[in-house]
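What follows is a short report on a single structure.
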Amino acid sequence: MTSADAEDIAISERLARLAVEARTQGGGFGTDAAKGASTRVSEPPGLEASDAGATASASLGWILDRLHERAFGLFLLILALPCCIPFLYGVPQVVALPLVFVSAQIVAGRRAPWLPEGLRARQVPAARLEELSRRAGPWLRRVEAISRPRLTALTRPPADRIVGLALLLFSASILVPLPGTNTVPGFAVVLVAMGLLQRDGLLVAGGGVLGTVWILTLLVAGATVASLIGDWLGLGAEETASNLLAVARRDVAG
(Lines give C-alpha, C1' and ligand atoms only; values in the text may rest on other atoms or scores of the structure.)
Protein backbone atom coordinates (compact mmCIF):
# COMPACT_ATOMS: atom_id res chain seq x y z
CA MET A 1 0.00 0.00 0.00
CA THR A 2 1.37 3.40 -0.93
CA SER A 3 1.29 6.49 1.23
CA ALA A 4 -1.38 8.06 -0.98
CA ASP A 5 -3.54 4.92 -0.80
CA ALA A 6 -3.22 4.84 2.98
CA GLU A 7 -4.27 8.45 3.37
CA ASP A 8 -7.47 7.75 1.39
CA ILE A 9 -8.58 5.12 3.93
CA ALA A 10 -10.68 6.13 6.92
CA ILE A 11 -8.83 6.22 10.23
CA SER A 12 -11.01 3.49 11.75
CA GLU A 13 -10.34 1.24 8.75
CA ARG A 14 -6.58 1.82 8.94
CA LEU A 15 -6.60 0.81 12.59
CA ALA A 16 -8.57 -2.36 11.78
CA ARG A 17 -6.13 -3.29 8.99
CA LEU A 18 -3.17 -2.70 11.27
CA ALA A 19 -4.62 -5.10 13.85
CA VAL A 20 -5.22 -7.78 11.19
CA GLU A 21 -1.69 -7.42 9.82
CA ALA A 22 -0.21 -7.75 13.32
CA ARG A 23 -2.12 -11.01 13.77
CA THR A 24 -1.68 -12.60 10.34
CA GLN A 25 1.91 -11.55 9.66
CA GLY A 26 2.92 -12.13 13.26
CA GLY A 27 1.66 -15.71 13.38
CA GLY A 28 4.51 -18.22 13.38
CA PHE A 29 7.21 -15.56 13.66
CA GLY A 30 10.03 -17.05 15.71
CA THR A 31 10.47 -15.99 19.34
CA ASP A 32 11.84 -13.03 21.21
CA ALA A 33 15.35 -12.24 19.98
CA ALA A 34 16.18 -10.76 23.36
CA LYS A 35 15.88 -14.30 24.80
CA GLY A 36 18.37 -15.64 22.31
CA ALA A 37 15.97 -17.32 19.91
CA SER A 38 16.32 -16.94 16.15
CA THR A 39 13.75 -15.39 13.81
CA ARG A 40 12.71 -16.17 10.28
CA VAL A 41 14.08 -13.75 7.70
CA SER A 42 10.89 -13.94 5.64
CA GLU A 43 8.80 -12.27 8.35
CA PRO A 44 8.64 -8.48 8.86
CA PRO A 45 10.84 -7.22 11.69
CA GLY A 46 8.98 -6.05 14.76
CA LEU A 47 6.44 -8.88 14.77
CA GLU A 48 6.77 -11.67 17.29
CA ALA A 49 4.83 -14.73 18.32
CA SER A 50 5.23 -17.86 20.37
CA ASP A 51 5.99 -21.18 18.67
CA ALA A 52 2.31 -21.97 18.78
CA GLY A 53 1.50 -18.68 17.08
CA ALA A 54 -1.00 -17.90 19.81
CA THR A 55 0.67 -14.83 21.29
CA ALA A 56 1.47 -12.74 18.23
CA SER A 57 2.61 -9.23 19.05
CA ALA A 58 3.83 -6.13 17.26
CA SER A 59 6.50 -3.69 18.33
CA LEU A 60 5.82 0.03 18.49
CA GLY A 61 8.53 0.46 15.86
CA TRP A 62 6.69 -1.88 13.47
CA ILE A 63 3.44 0.03 14.05
CA LEU A 64 5.17 3.35 13.40
CA ASP A 65 6.71 2.04 10.18
CA ARG A 66 3.32 0.82 8.92
CA LEU A 67 1.60 4.20 9.13
CA HIS A 68 2.78 5.29 5.65
CA GLU A 69 2.88 8.95 6.57
CA ARG A 70 5.14 11.56 8.12
CA ALA A 71 2.43 13.11 10.28
CA PHE A 72 2.17 12.52 14.02
CA GLY A 73 -1.62 12.26 14.14
CA LEU A 74 -2.24 8.56 13.59
CA PHE A 75 0.63 7.40 15.80
CA LEU A 76 -0.61 9.67 18.61
CA LEU A 77 -4.10 8.26 18.10
CA ILE A 78 -2.94 4.65 18.32
CA LEU A 79 -0.89 5.40 21.43
CA ALA A 80 -3.70 7.31 23.20
CA LEU A 81 -6.70 5.08 22.39
CA PRO A 82 -5.75 2.32 24.88
CA CYS A 83 -5.75 4.93 27.65
CA CYS A 84 -9.42 5.71 26.91
CA ILE A 85 -10.74 2.16 27.12
CA PRO A 86 -11.44 0.72 30.59
CA PHE A 87 -10.10 -2.73 31.40
CA LEU A 88 -7.73 -2.89 28.42
CA TYR A 89 -4.97 -4.14 30.65
CA GLY A 90 -1.28 -3.86 29.83
CA VAL A 91 -1.39 -1.63 26.77
CA PRO A 92 -1.66 1.81 28.50
CA GLN A 93 1.47 1.00 30.49
CA VAL A 94 3.32 0.20 27.25
CA VAL A 95 2.29 3.35 25.36
CA ALA A 96 2.30 6.05 28.06
CA LEU A 97 6.01 6.92 27.94
CA PRO A 98 6.24 6.84 24.10
CA LEU A 99 3.21 9.16 24.05
CA VAL A 100 5.13 11.70 26.14
CA PHE A 101 8.21 11.25 23.95
CA VAL A 102 6.30 11.80 20.68
CA SER A 103 4.45 14.83 22.09
CA ALA A 104 7.78 16.42 23.03
CA GLN A 105 8.92 16.04 19.41
CA ILE A 106 5.96 18.10 18.19
CA VAL A 107 7.03 20.86 20.58
CA ALA A 108 10.57 20.59 19.18
CA GLY A 109 9.23 21.08 15.66
CA ARG A 110 10.04 17.66 14.20
CA ARG A 111 8.11 16.79 11.05
CA ALA A 112 8.20 13.02 11.57
CA PRO A 113 7.84 10.94 14.73
CA TRP A 114 10.89 9.01 15.94
CA LEU A 115 11.42 6.53 18.75
CA PRO A 116 14.71 5.27 20.23
CA GLU A 117 15.33 1.54 19.94
CA GLY A 118 14.31 0.90 23.54
CA LEU A 119 10.83 2.30 22.92
CA ARG A 120 10.54 0.90 19.40
CA ALA A 121 11.07 -2.58 20.82
CA ARG A 122 8.11 -2.39 23.21
CA GLN A 123 5.60 -5.08 22.29
CA VAL A 124 1.83 -4.78 22.00
CA PRO A 125 -0.08 -8.10 21.80
CA ALA A 126 -1.95 -8.47 18.50
CA ALA A 127 -5.03 -9.53 20.45
CA ARG A 128 -4.98 -6.18 22.25
CA LEU A 129 -4.72 -4.31 18.95
CA GLU A 130 -7.73 -6.24 17.65
CA GLU A 131 -9.69 -5.48 20.82
CA LEU A 132 -8.69 -1.83 20.54
CA SER A 133 -9.90 -1.68 16.93
CA ARG A 134 -13.17 -3.41 17.77
CA ARG A 135 -14.01 -1.23 20.75
CA ALA A 136 -12.76 2.10 19.37
CA GLY A 137 -13.97 1.63 15.78
CA PRO A 138 -17.61 2.75 16.26
CA TRP A 139 -16.56 5.85 18.18
CA LEU A 140 -13.92 6.76 15.58
CA ARG A 141 -16.46 6.40 12.77
CA ARG A 142 -18.83 8.78 14.52
CA VAL A 143 -16.07 11.37 14.89
CA GLU A 144 -15.06 10.91 11.25
CA ALA A 145 -18.66 11.51 10.17
CA ILE A 146 -18.84 14.96 11.81
CA SER A 147 -15.28 16.22 11.33
CA ARG A 148 -14.13 18.32 8.39
CA PRO A 149 -11.34 20.84 7.64
CA ARG A 150 -11.96 23.99 9.73
CA LEU A 151 -9.84 26.30 11.87
CA THR A 152 -6.94 24.68 10.07
CA ALA A 153 -4.43 27.18 11.49
CA LEU A 154 -4.45 25.12 14.68
CA THR A 155 -3.19 22.09 12.77
CA ARG A 156 -0.26 23.79 11.03
CA PRO A 157 3.00 25.46 12.12
CA PRO A 158 3.56 27.44 14.23
CA ALA A 159 0.37 26.74 16.21
CA ASP A 160 1.05 23.01 16.18
CA ARG A 161 3.94 23.56 18.62
CA ILE A 162 1.54 25.05 21.15
CA VAL A 163 -0.74 22.07 20.55
CA GLY A 164 2.29 19.83 21.11
CA LEU A 165 2.97 21.48 24.47
CA ALA A 166 -0.62 20.79 25.52
CA LEU A 167 -0.25 17.17 24.37
CA LEU A 168 2.93 16.88 26.41
CA LEU A 169 1.11 17.99 29.58
CA PHE A 170 -1.86 15.70 28.91
CA SER A 171 0.43 12.74 28.17
CA ALA A 172 2.48 13.36 31.31
CA SER A 173 -0.70 13.27 33.41
CA ILE A 174 -1.40 9.77 32.06
CA LEU A 175 1.74 8.65 33.89
CA VAL A 176 0.19 9.61 37.26
CA PRO A 177 0.10 6.26 39.13
CA LEU A 178 -3.50 6.47 40.26
CA PRO A 179 -6.42 4.31 39.05
CA GLY A 180 -8.67 5.94 36.48
CA THR A 181 -6.39 8.93 35.86
CA ASN A 182 -5.55 8.03 32.26
CA THR A 183 -9.06 8.06 30.73
CA VAL A 184 -9.80 11.80 30.52
CA PRO A 185 -6.35 12.89 29.25
CA GLY A 186 -6.45 9.92 26.88
CA PHE A 187 -9.68 11.22 25.37
CA ALA A 188 -8.13 14.69 25.11
CA VAL A 189 -5.13 13.35 23.18
CA VAL A 190 -7.41 11.29 20.91
CA LEU A 191 -9.51 14.36 20.04
CA VAL A 192 -6.39 16.41 19.28
CA ALA A 193 -4.93 13.58 17.19
CA MET A 194 -8.17 13.21 15.22
CA GLY A 195 -8.18 16.96 14.66
CA LEU A 196 -4.62 16.86 13.32
CA LEU A 197 -5.48 13.98 11.00
CA GLN A 198 -8.72 15.53 9.74
CA ARG A 199 -7.32 19.10 9.70
CA ASP A 200 -10.17 19.95 12.07
CA GLY A 201 -9.08 22.74 14.40
CA LEU A 202 -12.38 22.52 16.27
CA LEU A 203 -11.53 18.99 17.41
CA VAL A 204 -8.04 20.17 18.36
CA ALA A 205 -9.52 23.00 20.43
CA GLY A 206 -12.06 20.66 22.03
CA GLY A 207 -9.35 18.22 23.05
CA GLY A 208 -7.27 21.10 24.37
CA VAL A 209 -10.11 22.39 26.54
CA LEU A 210 -10.89 18.90 27.88
CA GLY A 211 -7.26 18.21 28.74
CA THR A 212 -6.73 21.64 30.31
CA VAL A 213 -9.78 21.24 32.54
CA TRP A 214 -8.42 17.85 33.61
CA ILE A 215 -4.98 19.26 34.44
CA LEU A 216 -6.55 22.08 36.47
CA THR A 217 -8.75 19.55 38.26
CA LEU A 218 -5.68 17.49 39.19
CA LEU A 219 -3.88 20.59 40.45
CA VAL A 220 -6.84 21.77 42.53
CA ALA A 221 -7.46 18.29 43.94
CA GLY A 222 -3.78 17.88 44.73
CA ALA A 223 -3.60 21.26 46.44
CA THR A 224 -6.74 20.47 48.45
CA VAL A 225 -5.40 17.13 49.62
CA ALA A 226 -2.05 18.69 50.49
CA SER A 227 -3.82 21.43 52.46
CA LEU A 228 -5.93 18.91 54.38
CA ILE A 229 -2.86 16.83 55.23
CA GLY A 230 -0.99 19.97 56.27
CA ASP A 231 -3.88 21.09 58.51
CA TRP A 232 -4.11 17.65 60.07
CA LEU A 233 -0.38 17.50 60.75
CA GLY A 234 -0.41 21.06 62.10
CA LEU A 235 -3.33 20.30 64.41
CA GLY A 236 -1.58 17.20 65.66
CA ALA A 237 1.57 19.19 66.40
CA GLU A 238 -0.42 21.85 68.26
CA GLU A 239 -2.19 19.24 70.38
CA THR A 240 1.11 17.56 71.23
CA ALA A 241 2.66 20.88 72.22
CA SER A 242 -0.35 21.73 74.40
CA ASN A 243 -0.17 18.38 76.18
CA LEU A 244 3.56 18.77 76.84
CA LEU A 245 2.99 22.28 78.18
CA ALA A 246 0.24 21.05 80.50
CA VAL A 247 2.48 18.28 81.84
CA ALA A 248 5.28 20.78 82.43
CA ARG A 249 2.95 23.08 84.36
CA ARG A 250 1.76 20.25 86.59
CA ASP A 251 5.36 19.30 87.31
CA VAL A 252 6.19 22.89 88.24
CA ALA A 253 3.10 23.22 90.44
CA GLY A 254 3.86 19.93 92.14
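Details
- Some residue of the range 219-236 being assigned to a helix (DSSP H, G or I), touching a residue at least 24 places away in the same chain (Cβ under 8 Å) and within 22 Å of Val176 (Cα to Cα): no
- Flag: Thr212 does not match the condition of being touching a residue at least 12 places away in the same chain (Cβ under 8 Å) and within 14 Å of the chain's Cα centre (by Cα).
- If the condition is being at pLDDT below 65 and either on the phi > 0 side of the Ramachandran plot or buried (at least 22 other Cβ atoms within 10 Å of the Cβ) (or both), then the range 42-73 contributes Gly46, Leu47, Glu48, Ala49, Gly53, His68.
- Subset of the range 202-231 [closer than 30 Å to Ala10 by Cβ and out of contact with any strand residue (DSSP E or B) (no Cβ under 6 Å at 6 or more places or on another chain)]: Leu203, Val204, Ala205, Gly206, Gly207, Gly208, Val209, Leu210, Gly211, Thr212, Val213, Trp214
- In the set Val176, Val209, only one residue is among the aliphatic types (A, V, I, L, M) and either at pLDDT 90 or above or farther than 17 Å from Val95 by Cα (or both); that residue is Val209.
- The range 74-123 - residue that is part of a loop (DSSP other than H, G, I, E, B) and under 17 Å from Gly137 (Cα atoms) and, of those, modelled with the highest pLDDT: Ile85
- For the range 125-157, residues that are outside any helix (DSSP H, G or I), without any contact (Cβ under 8 Å) to a residue 60 or more places away in the chain and farther than 16 Å from Val192 by Cβ total 1.
The values are calculated or read from the model by the stated rules, or taken from the named source; none is laboratory data. Treat the numbers as computed from the prediction; the structure is a model and nothing was measured. Here Cβ is always computed from backbone atoms with ideal geometry, including for glycine, and neighbour counts include all displayed protein chains.
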